[in-house]
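Written below as structure tokens is the structure these notes are about.
Each value in this text was obtained by applying a stated rule to the coordinates, not by laboratory testing. Please read these numbers as outputs of a predicted model, since none were measured by experiment. No Cβ is skipped: glycine too gets one built from the backbone with ideal geometry, and neighbour counts run over all protein chains shown.
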Amino acid sequence: MKRIAWAALAAVALAGGAAHAQDVRERTLKLAHQNSGDHPQGLGVAKFAELVAQKSGGKIKVEQFAGGVKGDDLATLSAVQAGSLDMVVLNTGLLASVAKETALVDLPFLFNTAEEADAVMDGPFGRRLNERIGQKNLVGLAYWDLGFRDITNSKRPINRMEDIAGLKLRVLQSPAVIDSFTALGAIPTPVPFPDVYRALETKRVDGQENPVTVIADSKFDKVQKYLALTHHVYNPQSVLIGRRTWDGMSAAERKIVQEAAAEATAYQRHVSRERASAALAELRKAGMSVTELPPAEIARMREKLKPVVDKYSRLAGEAAANELAAEIAKLRK
């Protein structure tokens, strides 16, 4: 009897495995992002692709399109929404045109540490953002790390807030970021990321703002002399899949993609933060003049930017702004 029972159980297990295997068909997911394949963003995509292949028995492949070859952030976002591209990784704040609440993460000096940002984005607030963008042909899978943004330029060192005034700076295509630099007296100039190096080289702009990993990976040190460690904005990145692609997948395939994204997140965050220290050392070694604004100057910048924070908190909606503030306050207790 025991042998019969075990045989029956084995048959059920094999049948279940076969059914699961049949639910996973061969497909290739095309994923685009702006940085190189060697940047922590690209390394995160590579780890995600490895995990998807492993969990699907090689049936699902992820093809990485790095370096903006599929267009800038907004172009690739539109392509994912339309279904002509499957996935994209980009700064969460750039989704403001899709869901106004996402603009809140681009507010200056919002997070004190990367770990604080992780807790907020992995918590109720981050889930709320994903629910909102879910109404716009997008599915949010995870939040990755790009890091704290700093300012480079070819004109002068930045030792105090006033040194930013008059600089023509390439910024993200984000209204909150544009308004922030306008308030500081700079001339914010949105430029698609693939064109930034050329814009710096030809002096179309004086400088730009990005995390040190991006600055080093993009070799901006070759066309920029000065780096100021302002840490003015922290960038969580959204890993997104298009609704059309998602709806065309079986439950088993979705589970594979979700699990792979979650597991790749821990790896990507670790690599990104480890790489930030190495990148700063590389930039110093390359000859960049590095300054770090004292706490008193950062406090002055915070005060100067308070009207921008108030404006975008109102535009994003009182409920979302209050929820975000409450989550951060709870973490700091």
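For this structure, a couple of remarks:
- Percent RCO, i.e. relative contact order, over segment 26-332, from Cα pairs under 8 Å lying at least 6 residues apart: 27
- Pairs of lysine residues in segment 197-333 that meet both criteria, 8 or more places apart or on different chains and Cα atoms under 28 Å apart, total 15.
- Only helices enter this figure: runs of n ≥ 4 DSSP H residues, each worth -39500 (n - 2.57), summed and divided by the residues of the chain, yield -15500 deg cm²/dmol at 222 nm to the nearest 500.
- Backbone geometry of segment 136-147 corresponds, through the Karplus equation with coefficients 6.51, -1.76 and 1.60 at θ = phi - 60°, to 3J(HN,Hα) couplings of 10, 6, 9, 10, x, 9, 6, 10, 9, 10, 9, x Hz, x marking Gly and Pro.
- Reachable aspartates and glutamates from Lys168, criterion Cα separation under 18 angstrom, eight or more residues apart if same chain: Asp150, Asp179, Asp195, Glu201, Asp206, Glu209, Asp221
- Between Arg273 and Ala286, the contour length at 0.36 nm per residue exceeds the Cα-Cα span by 2.7 nm.
- Highest-MSF residue in the chain out of Arg300, Arg156, Arg269 [GNM, Cα springs under 10 Å]: Arg300
- Look at the Cα gyration tensor of segment 21-86: its axes a ≥ b ≥ c give a/c of at least 1.5 with a/b at or below b/c, and that counts as oblate.
- The order of the peptides 91-101, 23-33 by mean Cβ neighbours within 10 Å, most packed first, is 91-101, 23-33.
- Each distinct pair of alpha carbons in segment 198-255 adds a 1/r term; the inverse of their mean, the Kirkwood radius, is 14.9 Å.
- Every pair of different Cα atoms in the chain enters the Kirkwood calculation, which places the hydrodynamic radius at 21.0 Å.
- All aspartates and glutamates inside 15 Å of Lys136 as judged from Cα atoms, apart from same-chain residues fewer than 8 positions distant: Asp86, Glu101, Asp247
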